[in-house]
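The values are calculated or read from the model by the stated rules, or taken from the named source; none is laboratory data. All figures in this text were calculated on a predicted structure; none of them were measured in a lab. Reconstructed Cβ throughout: ideal geometry from the backbone, glycine too, with neighbour counts over all protein chains shown. Just the protein is used for accessible areas: all its heavy atoms, side chains included, with ligands, DNA and RNA removed. Shrake-Rupley method; radii C 1.70, N 1.55, O 1.52, S 1.80 Å.
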Amino acid sequence: MRLPQEIITAKRDGEKLAAADIRQMVAGLTNGGISEGQAAAFAMAIFFSGMDADERVAMTLAMRDSGTVLDWSDLPGPALDKHSTGGVGDTVSLPLAAAVAACGGHVPMISGRGLGHTGGTLDKLDAVPGYVTQPGLELFRKVVREAGCAIIGQTADLAPADRRLYAIRDVTGTVETIPLLTSSILSKKLAAGLHGLAMDVKFGSGAFLPPLAKARELAAALVSVANGAGLPTTALLTDMDEPLASAAGNGVEV
């Protein structure tokens, strides 16, 4: 076992990290064993030096395993989900979850808030008076089983290492690096116990990542890492040069 600063230095200098090093850093994020400064330095080292396919899979699996991993084997159909990288007026999740449920799938959708100027599905649902976006896992399971779909926010039990690292990335300018975006998105999806995932990767002026080349790079990384971690995944590149909804804004979109 290496000291956290040794692992940070190795990644800063472009070294490939062993899965054990990555698991150690993620465990430190979860239990407080690494400081805010070390976590920020680790994120910045990844931002500049990147991660190869093996490191990305190891990072994603370690963050998945930092908390509860749901099991949907008791459902009469597959547990399926879709995730969007975000755009202005992107309301696809709301009708799509119900449509998939109507076709016999089950959608335990653990959604997120907006990135940058984009609106997140949770932000939209929070505009509905009385809607609880972070229920307990038992209620989440009950609704998915009975209604076929539920959209909630990340709970304290699911990928807690990601929640801490994301907060640090948000204030250190390291949100948009592909390895950390990939592990952040997929750790939550893997923790949700899915049987299949569709990724909606946006490009264009209303997207979180406007350049098409950057969106294509992220889509390829998400599909590669998800399948490498055992989750069958496909991705679509979709245009966000104009809003999908007839309005833009959380309350009016709902």
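What helices (runs of 4 or more DSSP H) lie completely within the stretch 154-254 and have 3 or more residues being open to solvent by 30 Å² or more (accessible area, probe 1.4 Å)? Let's see the steps before the verdict.
Numbers: elements: 160-172, 178-191, 212-228, 250-253.
Output list reads 160-172, 212-228, 250-253.
Here Ser73 clears all of (1) surrounded by fewer than 18 Cβ atoms within 10 Å (Cβ to Cβ); (2) in contact (Cβ under 8 Å) with a residue 60 or more places away in the chain except the condition numbered (2). Of the residues that make up the stretch 79-94, is at least one modelled with pLDDT under 95 and assigned to a helix (DSSP H, G or I)? Scanning the stretch 79-94 turns up at least one residue that is modelled with pLDDT under 95 and assigned to a helix (DSSP H, G or I).
Against the definition (in contact with a Lys or Arg (Cβ under 6 Å, 6 or more places away or on another chain), farther than 20 Å from Ala226 by Cα and not in a strand (DSSP E or B)), how does Leu122 come out, yes or no? Break it down into steps so the answer makes sense when it comes.
Values: in contact with a Lys or Arg (Cβ under 6 Å, 6 or more places away or on another chain): yes; farther than 20 Å from Ala226 by Cα: yes; not in a strand (DSSP E or B): yes.
In short, yes.
When Ile34 is tested against the conditions (1) open to solvent by less than 30 Å² (accessible area, probe 1.4 Å); (2) more than 27 Å from Met199 (Cα to Cα); (3) assigned to a helix (DSSP H, G or I), the lone failure is (3).
State yes or no: is Leu165 within 15 Å of the chain's Cα centre (by Cα), in contact (Cβ under 8 Å) with a residue 24 or more places away in the chain and on the phi < 0 side of the Ramachandran plot?
Numbers: within 15 Å of the chain's Cα centre (by Cα): yes; in contact (Cβ under 8 Å) with a residue 24 or more places away in the chain: yes; on the phi < 0 side of the Ramachandran plot: yes.
Here the answer is yes, as Leu165 does meet what is asked.
Among residues of the stretch 189-204 that are in contact (Cβ under 8 Å) with a residue 24 or more places away in the chain and of a type in the set (Val, Ile, Thr), those with a Cβ under 6 angstrom from a residue that is in a strand (DSSP E or B) and open to solvent by 10 Å² or more (accessible area, probe 1.4 Å), sequence gap 6+ or separate chain, pair up as Val201/Ala235; Val201/Leu237.
Quick one: which residue in Met25, Met59 is over 16 Å from the mean Cα position of the chain (by Cα), among the aliphatic types (A, V, I, L, M) and not in a loop (DSSP other than H, G, I, E, B)?
Numbers: Met59 fails: over 16 Å from the mean Cα position of the chain (by Cα).
Result of the check over Met25, Met59: Met25.
A single member of Met59, Met51 is under 30 Å from His195 (Cα atoms), open to solvent by less than 10 Å² (accessible area, probe 1.4 Å), out of contact with any Gly (no Cβ under 7 Å at 6 or more places or on another chain) and in contact (Cβ under 8 Å) with a residue 24 or more places away in the chain, and it is Met59. In the set (1) of a type outside the set (A, V, I, L, M); (2) modelled with pLDDT of 85 or more; (3) within 18 Å of the chain's Cα centre (by Cα), the condition left unmet by Thr121 is number (2).
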